[in-house]
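These notes are about the structure you will find just below.
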Amino acid sequence: MDRRRPAAAGFVSPDPDVHQLPRPSPATETAGSATSSPRCATPAAERRSHVEAFGSTEEYEETCSLGEGGFGAVAKVRHRVTGETVAIKRLTDPEDEFCREELLREARFHEACGAHPFIVGFHGVVRDPATAELRLVMECVGGPSIHGFLRDQGSRGRLPLPEATVRAVMWQLLTGAKAMHEKHIFHRDIKPENLLISDDGRTVKICDFGMAMSLSEAPPYEPDAGTLWYMAPELLLEKEDYNALVDTWALGCVMAELINGKMLFDEGRDEDGQLREIFEVLGYPDDRTWPWFSSTPFAIELLPELDVHHRNHLREMFPEAVLSQQGFEVLSGLLTCNPDERLTAAAALKHPWFAKVDALELPRKEEVSSALPKKEMLVVPCA
């Protein structure tokens, strides 16, 4: 199984300053609370059994290609009547049933998320009249992904990022994740490649809903989802009743990467190897810290052969010199192995670290693009 799914992508409009956006509303949700996995309502994505095309590809004129991957391609297009610039995603193999299903899944969950400043906008589905092929119409975000941005900043010797910048990015991402989770949607593939920066450097948006799921679906869930190095321990252990907390674990991995410019857990080559790397940093769970863990095949079959310890080394990797105590409390709360004790997006946003969030001012598009190969600028949100 290939965990390294094609990266997601850049898909328009000028983005508002952080200070012009509403602050997260006060919430009563706490770490790992039941609110993070509601079953009481059926979201729009699940009420609709299909997605209808509302227009034709002939209404758009392609201006350039934004990127292509193994399953799809994205083009920058202009609406012939309104002049609006958007992005259209098409499948490279429209006959592939799996890819078609994933394209429609992405459309359903994009639509269900609605308009949100920190989620890539969805305009709808159009049909190619010549082939009847469906294509997604999305917002065209002008800047690079977080992955491309960090690569660029590293090459310029500009890492680590200031803590205020990390905080501003994480506030936006957690706010976007909170909005998804409140609509009973979890992403399952949050990673730097799927987080896009606006061309003015002031907004970060979550994209690529090809792996998203609804929390209204009853378990068991398929654990084979996401990108290995950002997968939560419960996914790696094939827990079948996981929830939106897999997203907050991934956001913890992203936060660590924003701080030091590299993946936190990057040496795993399979699920067991990834788990060992996580536990070497965070400590192996025991019956006190995560009772469910002791019943897993990993704990029963492999743990006796390992030299285990229960000490958490995360603070040693992120000392006070690079991350304040309050910032570390958010990081460690997101990177908690037991999902019942892990911070939800709503709980993280209530932490005092976010009491004052500066406006995000990353380098503008032209300040980043010159140092990046063209293929790094926008990557394809598919498969």
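Within the range 72-87, can one find any residue that is part of a loop (DSSP other than H, G, I, E, B) and under 19 Å from the mean Cα position of the chain (by Cα)? No, the conditions are met nowhere in the range 72-87. Looking at LEU66, LEU104, just one residue is modelled with pLDDT of 50 or more, under 24 Å from GLU182 (Cα atoms), in contact with a strand residue (DSSP E or B) (Cβ under 9 Å, 6 or more places away or on another chain) and among the aliphatic types (A, V, I, L, M), and that residue is LEU104. For SER324, state whether it is within 30 Å of PRO352 (Cα to Cα), surrounded by fewer than 17 Cβ atoms within 10 Å (Cβ to Cβ), of a type in the set (Gly, Ala, Ser) and touching a helix residue (DSSP H, G or I) at 6+ places or on another chain (Cβ under 9 Å). Spelling it out, SER324 is indeed within 30 Å of PRO352 (Cα to Cα), surrounded by fewer than 17 Cβ atoms within 10 Å (Cβ to Cβ), of a type in the set (Gly, Ala, Ser) and touching a helix residue (DSSP H, G or I) at 6+ places or on another chain (Cβ under 9 Å). Counting residues in the range 313-334 that are among the basic types (Lys, Arg) and either in contact with a Ser or Thr (Cβ under 6 Å, 6 or more places away or on another chain) or outside the structural domain of MET180 (by TED's automatic domain parsing) (or both) gives zero.
Among the residues of the range 297-315, those identified as at pLDDT below 95 and surrounded by 12 or more Cβ atoms within 10 Å (Cβ to Cβ) are PHE298, ALA299, LEU302, LEU303, LEU306, VAL308, HIS310. When you look at VAL137, is it surrounded by 21 or more Cβ atoms within 10 Å (Cβ to Cβ), in contact with a Phe, Trp or Tyr (Cβ under 9 Å, 6 or more places away or on another chain) and aliphatic (A, V, I, L, M), yes or no? Yes, satisfied.
Against the definition (under 15 Å from the mean Cα position of the chain (by Cα), surrounded by 24 or more Cβ atoms within 10 Å (Cβ to Cβ) and more than 19 Å from MET255 (Cα to Cα)), how does GLY176 come out, yes or no? No.
Candidates in the range 88-109 are the residues that are in a helix (DSSP H, G or I) and of a type in the set (Lys, Arg); of these, the one that is surrounded by the fewest Cβ atoms within 10 Å (Cβ to Cβ) is ARG100.
Candidates in the range 199-232 are the residues that are modelled with pLDDT under 95 and farther than 26 Å from ARG100 by Cβ; of these, the one that is farthest from the chain's Cα centre (by Cα) is ASP200. Within the range 126-161, restricting attention to residues that are within 19 Å of SER198 (Cβ to Cβ), assigned to a loop (DSSP other than H, G, I, E, B) and not charged (D, E, K, R), the residue that is modelled with the lowest pLDDT is GLY142. Considering only residues in the range 246-260 that are closer than 16 Å to ASP152 by Cβ and modelled with pLDDT of 95 or more, the one that is surrounded by the fewest Cβ atoms within 10 Å (Cβ to Cβ) turns out to be GLU257.
When the test is whether a residue is at pLDDT 95 or above and either part of a helix (DSSP H, G or I) or within 30 Å of GLU320 (Cα to Cα) (or both), ALA112 does not pass it. Considered as a group, the residues in the range 179-188 that are out of contact with any Pro (no Cβ under 7 Å at 6 or more places or on another chain) and surrounded by fewer than 23 Cβ atoms within 10 Å (Cβ to Cβ) include one that is farthest from ALA256 (Cα to Cα), and that residue is GLU182.
Do we find that PHE318 is at pLDDT 95 or above, buried (at least 18 other Cβ atoms within 10 Å of the Cβ), closer than 18 Å to VAL169 by Cβ and not aliphatic (A, V, I, L, M) in this structure? Here the answer is yes, as PHE318 does meet what is asked.
Pairing each residue of the range 277-291 that is on the phi > 0 side of the Ramachandran plot with any residue that is in a loop (DSSP other than H, G, I, E, B), provided the two are 6+ apart or on different chains, yields C-beta distances under 6 Å for GLY283/HIS310; GLY283/ARG311; GLY283/ASN312.
The values are calculated or read from the model by the stated rules, or taken from the named source; none is laboratory data. Note that this is a predicted model, so its numbers are computed, not measured. Quick reminder, even Gly has a Cβ in these numbers, built from the backbone with ideal geometry, and neighbours come from all protein chains shown.
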